[in-house]
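Input: a single structure, listed below in structure tokens.
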Amino acid sequence: MKQETRKEEIISTAAKLFKEKGYSAVTMRDLASAMGMKAASLYNHINSKQQILKEIIISLAEDFTDGLKNIQKSDLTNIQKLQEVVKLHVRITSQNTFGMASLNNDWMHLEEKLDYYLDLRANYEEEFRNIIQKGIENDEIINDNVEVILFSILSTLRSLYLWIPKKEDLNPEELSQQLSKVLINGINKKIN
């Protein structure tokens, strides 16, 4: 496992502070204090609080986008693709719960990258919607309101960052299977 760079350490610490206090309430002085360094020293590694937020949110959004693209390219059934999407969310969230808090709660504070983020998010939701729609067309998923299905699954997956840290004995693979059973099998016509 590679050692975390000082910049990565600063970003990780900032993500934790953003989750605890909210992006707007955290100052560079707070971050420096949490890092045990002087505020001026932070600027040797990072330009601004905005840069930190951008790096947290954009890197996570791009991870989700890349993951979904790979799932979409696969030869899996639509139900299997949805199961892979659940695994993607569990994996990324369990590896970065603090960053996920920023992704969900602080994205509106992005400045020059806000439009880029909103495009990533809209495209992600559209690709997710397409999997559900194709599942309905292929008679894998119940013919019901696509938006309700999308909202039900995605809102649960987006809130995992609140729940995962409370589970000390979390096994991401088991959690993915259990979430798939609850979220996806309930819409799978082929389940008895």
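Read the figures in this text as sums done on the coordinates, not as results from a lab. It should be emphasised that the depicted structure is a prediction, and the values quoted were computed from it without experimental measurement. Quick reminder, even Gly has a Cβ in these numbers, built from the backbone with ideal geometry, and neighbours come from all protein chains shown.
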Exercise. Report, in degrees rounded to the nearest 10, the 0 to 90 angle that the Cα long axis of helix 49-73 makes with the longest principal axis of the chain.
Key: 20 degrees
Quiz item: Tell me, what is the percent relative contact order of the stretch 52-144, built from C-alpha pairs under 8 Å that lie six or more residues apart?
Solution: 44 percent
Quiz item: What is the distance in Å between the Cα centres of the stretch 52-66 and the stretch 108-184?
Solution: 16 Å
Quiz item: Over all Cα pairs of the chain, how is the pair count split among 10 Å bins, expressed in % and running from 0 up to the last occupied bin?
Solution: 8, 32, 32, 18, 8, 2, 0
Practice problem: Read phi for every residue in the stretch 93-102 and hand back ³J(HN,Hα) as whole Hz from Karplus 6.51 cos²θ - 1.76 cosθ + 1.60, θ = phi - 60°, with x for Gly and Pro. | Solution: 5, 5, 7, 7, 5, 5, x, 5, 4, 5
Self-check item: Contact order normalised by residue count of the chain, Cα under 8 Å, 6+ apart, percent
Solution: 25 percent
Quiz item: If the chain between Tyr116 and Thr27 were fully stretched, how many nm would it gain, using 0.36 nm times the residue separation less the Cα-Cα distance?
Solution: 29.5 nm
Exercise. Calculate, for Glu127 and Leu170, the FRET efficiency according to 1/(1 + (r/R0)^6) with r their C-beta to C-beta distance and R0 35 Å; round to the nearest 0.05.
Key: 0.80
Practice problem: For Gln178 and Ile142, compute 0.36 nm times the residue count separating them, minus their Cα-Cα distance, and round to one decimal in nm. | Solution: 11.0 nm
Quiz item: Leaving out same-chain residues fewer than 8 places away, which lysines sit with a Cα under 20 Å from that of Lys73?
Solution: Lys81, Lys87, Lys134
Exercise. For Ile141, list long-range residues whose amide hydrogen, built 1.01 Å from N in the peptide plane, is under 5 Å from its own amide hydrogen.
Key: Ile136, Lys189
Self-check item: Spin-label zone in the stretch 88-116 - amide nitrogen under 16 Å from a point set 7 Å from the Cα of Leu76 along the C-beta vector
Solution: 88-93
Practice problem: Calculate how large, on average over all directions, the projected area of the Cα convex hull of the stretch 1-46 is; give the answer in nm² to one decimal. | Solution: 3.3 nm²
Exercise. Pop out the ³J(HN,Hα) list for the stretch 26-40 in order, Karplus 6.51 cos²θ - 1.76 cosθ + 1.60 with θ = phi - 60°, rounded to Hz; leave Gly and Pro as x.
Key: 8, 9, 5, 5, 4, 5, 4, 4, 5, 8, x, 9, 7, 4, 4
Quiz item: In nm, to one decimal, how far is the modelled label at Lys7 from the one at Ser155, with both set 7 Å along Cα→Cβ?
Solution: 3.9 nm
